[in-house]
Amino acid sequence: MSTYDSAKAQFADWGIETDAAIHRLKDIPISMHCWQGDDVVGFEKKTGNSGGGIQATGNYPGRARTPDELRADLEFAYSMIPGSHRLNLHAMYLDTDETPDRDEIEYKHFEPWVDWAKAQGIGLDFNPTFFAHEKADDNLTLSHPDKGIRDFWIEHGQRSREVAAKMGEELGSACVNNIWVPDGYKDVPVDRMAARRRLEASLDEMLAPKQEKTLMRDAVESKLFGIGVEACTVGSHEFYMGYAIRKGTLLCLDMGHFHPTENVADKLSSVALSVDEILLHVSRPMRWDSDHVILLNDDIQAMANELVTSDLLGRTHIGLDFFDATISRTAAWVIGTRNMQRVLLRALLLPLERLRNAEDGLDYTTRFMLTEEFKDLPFGAVWAEFCKRGDTPTGTALIADLEAYQTSVSER
């Protein structure tokens, strides 16, 4: 009997079909973020400072310097990850010889990415870039008191939505267009309401042009605080949760954008009662929004468990958001994405019916015993089988492939 057959039998004793879990996991796409590959630098010819508290630390060899290098790194990373996935692209990653400013971008500036995505068989998601620009140096964009600056960013947002819709049309898969702005104040503001009214009005104007939902979905993303906006973040969780409910957008929950003691997984079932769809940015915040590569840990597992037990997988778009320049960037993609898949697999292998029956019967002793005993089941064998069916390596073979690729790009 093979290792997987033995594991399959052990799970079957609990009434769990491992083959069904593997099949389900294969069809859950993860949107991998482009900015891990180049330390959030982008490919614009015009740039300002990093802005918005965006900073990658470290200088590990092999950073992608061109769109072609970034795509090559992505292709390698995808080859190490079982299943079919997506790429989350920021507007600052345009691929063109032209030098458009943010309020001048067009679909043609991103067409090479779409051609590449078609060849790779992956979907694309998109983000307007409201940082790393001279008009964001005040850490105010859509809520800026200067109408000219607000208009500049509104135009950028509208053009980004047009780009995203065209991407969705070309690829036959709705492109999630996620809106995050760095707006806030380093010290205590006098009039928070005025800033939030300006942000709301700018968002309304930016989202006014209708886009077909089968091609593009708008999402709004909150943040607790960041460097330069320690005293007040205009687009807080409360602001955007209310906005998403009123306006019918997706709500983005970024695991790094809340207080370190908050359980972000606990928010899913609450917000799902009020919004139709959710966007997740899965990250690992050590200190506020520090965006470390995600581990196979309790926080990430709780997120996956909530998605499965609350039946939210069909209403949730799963994306990643971390960047670490102290380690191999391709290894970070591979390890982080595979860890997201591993927690989803563990969640899909839960004995949900038995757990729910115990909980509904107020039998918390049985619930406790089940959750603890279940930890000893051979999840690793099922994961290895999933990787085998996806023709991707595990263990020492995976490490060897990651190290070999890193060596090949270390002289960049």
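Bear in mind that the values in this text are calculations on the coordinates, not laboratory data. Since this is a predicted model, take the numbers as computed values, not measurements. A quick note on method: Cβ atoms are made from the backbone with ideal geometry, for glycine too, and the neighbour counts reach across all protein chains shown.
Worth pointing out:
- All Cα-Cα separations within the range 84-201 were binned at 5 Å from zero, giving a P(r) of 2, 11, 21, 20, 16, 12, 9, 6, 3, 1, 0, each value a whole percent of the pairs.
- Proportion of all alpha-carbon pairs of the range 350-396 beyond 11 Å (%): 71
- Taking a ≥ b ≥ c as the square roots of the eigenvalues of the Cα gyration tensor, the range 168-284 is classed as oblate, since a/c reaches at least 1.5 and a/b does not exceed b/c.
- Residue separation of Arg412 and Asp376 scaled by 0.36 nm, minus their Cα-Cα distance, works out to 8.5 nm of gained length.
- Peptides 4-13, 383-392 ordered by average Cβ neighbours within 10 Å, highest first: 383-392, 4-13
- Scattering from the range 105-148 was approximated by placing one identical point on each alpha carbon and applying the Debye formula without solvent; log10 I(q)/I(0) at 0.14, 0.18, 0.29, 0.30 1/Å stands at -0.53, -0.69, -1.04, -1.08.
- From helices alone, the chain scores -13500 deg cm²/dmol at 222 nm; the rule is -39500 (n - 2.57) for each run of n ≥ 4 DSSP H residues, then divide by the residue total.
- Lysines whose Cα lies under 19 Å from that of Lys375, excluding same-chain neighbours fewer than 8 positions away: Lys8
- Each label point was placed 7 Å from the Cα along the Cα-to-Cβ direction; for Thr309 and Ser6 their separation is 3.0 nm.
- Rounded FRET efficiency, nearest 0.05, which uses the C-beta distance separating Asn297 from Phe368 and R0 of 35 Å: 0.95
- Point-to-point label distance, Ala119-Asp191, nm (Cα→Cβ direction, 7 Å offset): 5.4
- Dividing the alpha-carbon radius of gyration of the chain by the rule-of-thumb value 2.2 N^0.38 Å gives 1.00.
- Rounded to the nearest 20 debye, dipole of the range 131-226 from Cβ charges on Lys, Arg, Asp, Glu: 220
- Here the contact order of the chain, divided by its residue count and restricted to Cα pairs under 8 Å and six or more residues apart, works out to 21 percent.
- Placing pseudo-labels 7 Å out from each Cα toward the beta carbon at Glu75 and Asp146 gives an inter-label distance of 4.3 nm.
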